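These notes concern the structure reproduced below.
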Amino acid sequence: MSDEGREHNRQERVPSRRRTRFPGISTRAYEHPADRSALVALRKLSGFDTVFKALSGLLPERSLRLLFLSDSVRVSDQQFAHLNDMLRDACYILDLEKVPPMYVNQDPQPNAMCIGLDEPIIVVTTGLVELLDEEEMRAVVGHEVGHALSGHAVYRTILLFLTNLAVRVAWIPLGSIAIMAIVTALREWFRKSELSADRAGLLVGQDVRASMRGLMKIAGGNHLHEMNVDAFLKQAEEYEESGDLRDSVLKILNVLPRTHPFATVRAAELKKWAESRDYQRIMDGHYPRRTDDGDTSVSDSFRESATHYANEVRNSKDPLMKLVSDLAGGAGDLGDRVRRGFGGFTGSSSPRNGAKGGSSSDSKEGSGSKDSDSPKDEPPTDTPPRDED
C-alpha cells in the first residue's frame, strides 16, 4: 500500500469528535493528593535518581523488553492500528512528547500496565482489548499514558521487583519482614496512583460514562446489557456505608494485598472528581504547567494531602472513619462507641443508669451472656485478588 493510502486509512480512524488538548499540563493537575505529595517528596530527595539507576542493574528491564518484543505484538500502523491511533491521540492530548512503545500480550485476563525505568512500556492483554469498546479502551490507554507522564512506571517496576524478591527470601524471617514493609507502603501509594491515572484516562477520553463502563466491565465482564452504571455506583455507596467496625477492619485486610483499589471504589472516586470544580477548571484550560513544577513546595503538597485525608475521614460514612472523626472531635464515650461499633458484646441494650464500673450483678450478667450476633466472619483468604487497570 502506498504512503498516501496508509495516510488516508489512518485519517479514517481519527475520532469522530474533537477533544480538548492540554498543552504543557503538569501531572499535578490530575494527581491524587496522596500520590502527588509522595512523588514530589521523592523527586526532591537528593540522590534519588542515582539510587534508582543503581537498582536498574538488578531489575530485569532489558529482559522484559526483549520478552515483549519476542512474544507479544507491538502496536503500530500495521498492527492494532486502532490502538496506535488511541495511543498517539492520548499522548497528544496530555502533551507527552515521546510516544511510549505499546504491546498486546496474549492473556485472557483483562489487564494493562506501564512499566520500565529508563523508558516506559505499555502492555495491554488480549482479554482487555476484547472486553472494551473503543471509548472504554481510549480511557484505559489514557490511564496508562497518565502513568507514563507521572513517572509511575519507575515505581511500579520497583514494586514488581520487590514483590518477587519477598517471595524468594521468604525463608529469611527478618529479610522478608523488611521487604514486605516496603512493599506494603508502595502498594498503598500505588493504589492512590491508580486513582490519578483514572483521572488522566478521563482527561483523554473526556467521556465519564465510558470510563464508568470500562470499570464496570472489568468487575463484571462483557455483559453490558445485564449491568447498569448507576446501580454499580450504588454498590460503592453500600460498600462504604454498610456494616460495623468488623466490616471496616475486613475492608482494610482485603485491600492490603492489592495494588489497585476495588472497581466500585475507583468508579465512585472518578465520578466525584468528574463533578468537581477542579476537573471543570482543567477542561476550561486553567491548570498547573510543567514549567512551574520546579517551584513546587514539598510542605505544601504534604499539607494538601493531610487536608484531603482529614476531609475524607470527616465526610466518610464508613463506621471506623466515623468513629475516628467523632473521637477527634472529642465526642462520646470511647468504650461505648467501640462496643456499639462492633454490634455490642454484653447483650444488654443500654448501660445501666449510674453504673460506672458496673455492679456485681451487672458483672455476672455481662460475663455470662452470649451474643447471638457475635462475629462469625472468617479472615480473608491468602488468595490474592486480581488487580486490573
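A short reminder: the numbers here are calculations on the coordinates, not readings from a lab. All figures in this text were calculated on a predicted structure; none of them were measured in a lab. So basically every Cβ, Gly included, is an ideal-geometry build from the backbone, and we count neighbours across all protein chains shown.
Here residue 107 and residue 286 are evaluated by their C-beta separation; at R0 = 41 Å the FRET efficiency comes out at 0.50. Per-residue 3J(HN,Hα) values for region 233-241, derived from phi via the Karplus relation 6.51 cos²θ - 1.76 cosθ + 1.60 with θ = phi - 60°, read 5, 4, 4, 4, 5, 5, 4, 6, 8 Hz in sequence order (x marks Gly and Pro). Sorted on the mean count of surrounding Cβ atoms within 10 Å across their residues, most packed first, peptides 108-117, 77-86 read 108-117, 77-86.
Let's test the formula: R0 of 25 Å, r as the Cβ-Cβ distance of residue 239 and residue 278. What FRET efficiency results, to the nearest 0.05? Intermediate results must be reported in sequence, preceding the final value.
Working: r = 24 Å, r/R0 = 0.97.
My answer for the efficiency is 0.55.
In terms of the mean number of neighbouring beta-carbon atoms within 10 Å, the peptides 63-76, 190-203 order highest first as 190-203, 63-76. Applying 1/(1 + (r/R0)^6) with r as the Cβ-Cβ distance of residue 293 and residue 219 and R0 = 45 angstrom yields a FRET efficiency of 0.80.
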